[in-house]
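Colleague: Supplied in structure tokens, the structure appears directly below.
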Amino acid sequence: MTNRARKTANPETAARRGASDPRGSGGGPGDPGDPRAFRDALGCFSTGVTVITAMGGDGARIGLTANSFSSVSLNPPLVLWSLAQYSPNLAVFQNASHFAINVLGVDQADVAMQFAKPVEDRFRGIATETGLGGAPLIRDAVARFQCRNEDRYYGGDHVIFLGAVEAYDTQAREPLVFCGGAFGSFAKSV
Ligand SMILES: Cc1cc2nc3c(=O)[nH]c(=O)nc-3n(C[C@H](O)[C@H](O)[C@H](O)COP(=O)(O)O)c2cc1C
């Protein structure tokens, strides 16, 4: 597993375990009131990595890296993801008719990093197509879910977006995995 996007910067926690050890914060009870320790504990749960995109009313493309994506319902087809309330893109996502969820491949950790940084143009060098509602679709993504912006819910410091999937496509490629604050690949053990 590579260590390119380590977010668990707590030095005490890092000292208790190897830098890329995804086994959590060393065991034992945790303090839910300590955001850093809580985030480290959440890092025990491996996820895929997505870039979620939309088009603003001015035609500008927006996108950010997110691992909060989850399936909700098969019939009707619904998915969710959550966005930090302080995001400068909150208003655009709230007003967009659609958003797209681009599931990244194992060779796209650099794309994940680009969409997690405050760079001027996150789409620079990224091949895209235009999806429903103008939401950008990343060309080499493993899966792309085009969602109608169905509903939203307020949960603490995040806003949860519920998407009704209107179209999707997939490619037979290995997905990128995020665990313990690091990117890696999925290894089948059975
Ligand atoms: C692997 C990974 C997963 C992330 N997941 C989320 C997420 O689910 N929701 C979120 O709001 N930010 C998430 N972030 C952080 C955002 O990508 C980052 O804060 C970004 O700068 C937000 O863009 P914005 O400021 O344009 O909203 C994640 C970052 C990484 C590296």
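The values are calculated or read from the model by the stated rules, or taken from the named source; none is laboratory data. Everything numeric here is computed off the predicted structure, so don't read it as measured data. Cβ atoms come from the backbone with ideal geometry, glycine included; neighbour counts cover every protein chain shown.
Colleague: Could you check Gln94 against (1) closer than 16 Å to Arg148 by Cα; (2) assigned to a loop (DSSP other than H, G, I, E, B); (3) not β-branched (Val, Ile, Thr) and say which number it fails?
Modeller: The failed condition is (2).
Colleague: Do the conditions hold for Gln108, that is, is it over 14 Å from Gly48 (Cα atoms), buried (at least 17 other Cβ atoms within 10 Å of the Cβ) and within 12 Å of the ligand (Cβ to nearest atom)?
Modeller: In short, no.
Colleague: Could you check, for region 142-152, whether at least one of its residues is part of a strand (DSSP E or B), free of Cβ contacts under 8 Å to residues at least 12 places away in the same chain and more than 18 Å from the chain's Cα centre (by Cα)?
Modeller: Yes: one or more hits.
Colleague: Take the conditions at negative phi, in a strand (DSSP E or B) and either modelled with pLDDT of 95 or more or not aromatic (Phe, Trp, Tyr) (or both) and apply them to Ala172. Does it pass?
Modeller: In short, no.
Okay, residues lined up against (1) away from the ligand (no atom under 16 Å from the Cβ); (2) surrounded by 14 or more Cβ atoms within 10 Å (Cβ to Cβ); (3) under 24 Å from Ala182 (Cα atoms):
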{"site": "Val92", "(1), (2), (3)": "no, yes, no"}
{"site": "Phe99", "(1), (2), (3)": "no, yes, no"}
{"site": "Phe115", "(1), (2), (3)": "no, yes, yes"}
{"site": "Thr128", "(1), (2), (3)": "yes, yes, no"}
{"site": "Gly131", "(1), (2), (3)": "yes, yes, no"}
{"site": "Asp169", "(1), (2), (3)": "yes, no, no"}
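Colleague: Pick out the one residue from Val72, Val92, Val119 that is over 14 Å from the mean Cα position of the chain (by Cα), modelled with pLDDT under 95 and β-branched (Val, Ile, Thr).
Modeller: Unique residue meeting the criteria: Val119.
Colleague: Quick one: which residue in Val165, Val190 is more than 15 Å from the ligand (Cβ to nearest atom) and touching a Cys at 6+ places or on another chain (Cβ under 6 Å)?
Modeller: Matching residue, one of Val165, Val190: Val165.
Colleague: So Asp121 fits all but one of (1) out of contact with any His (no Cβ under 9 Å at 6 or more places or on another chain); (2) under 15 Å from Val51 (Cβ atoms); (3) in a strand (DSSP E or B); (4) not basic (Lys, Arg); what number is the exception?
Modeller: Here Asp121 meets the rest and fails (3).
Colleague: Taking only pairs six or more apart or across chains, which ones have beta-carbon atoms under 7 Å, a first residue in region 105-118 that is farther than 15 Å from Pro175 by Cα, and a second residue that is assigned to a helix (DSSP H, G or I) and modelled with pLDDT under 95?
Modeller: Going by the 7 Å Cβ cut-off, there are no qualifying pairs.
Colleague: Has region 47-55 got at least one residue that is without any contact (Cβ under 8 Å) to a residue 40 or more places away in the chain and farther than 21 Å from Met113 by Cβ?
Modeller: no
Colleague: Looking only at residues that are over 17 Å from Gly43 (Cβ atoms) and free of Cβ contacts under 8 Å to residues at least 40 places away in the same chain in region 63-84, which one is nearest to the ligand (Cβ to nearest atom)?
Modeller: Ser71
Colleague: Identify all residues within region 44-62 that are more than 10 Å from the ligand (Cβ to nearest atom) and part of a loop (DSSP other than H, G, I, E, B); write none if there are none.
Modeller: Across region 44-62, the qualifying residues are Cys44, Phe45, Ser46, Gly56, Gly57, Asp58, Gly59, Ala60.
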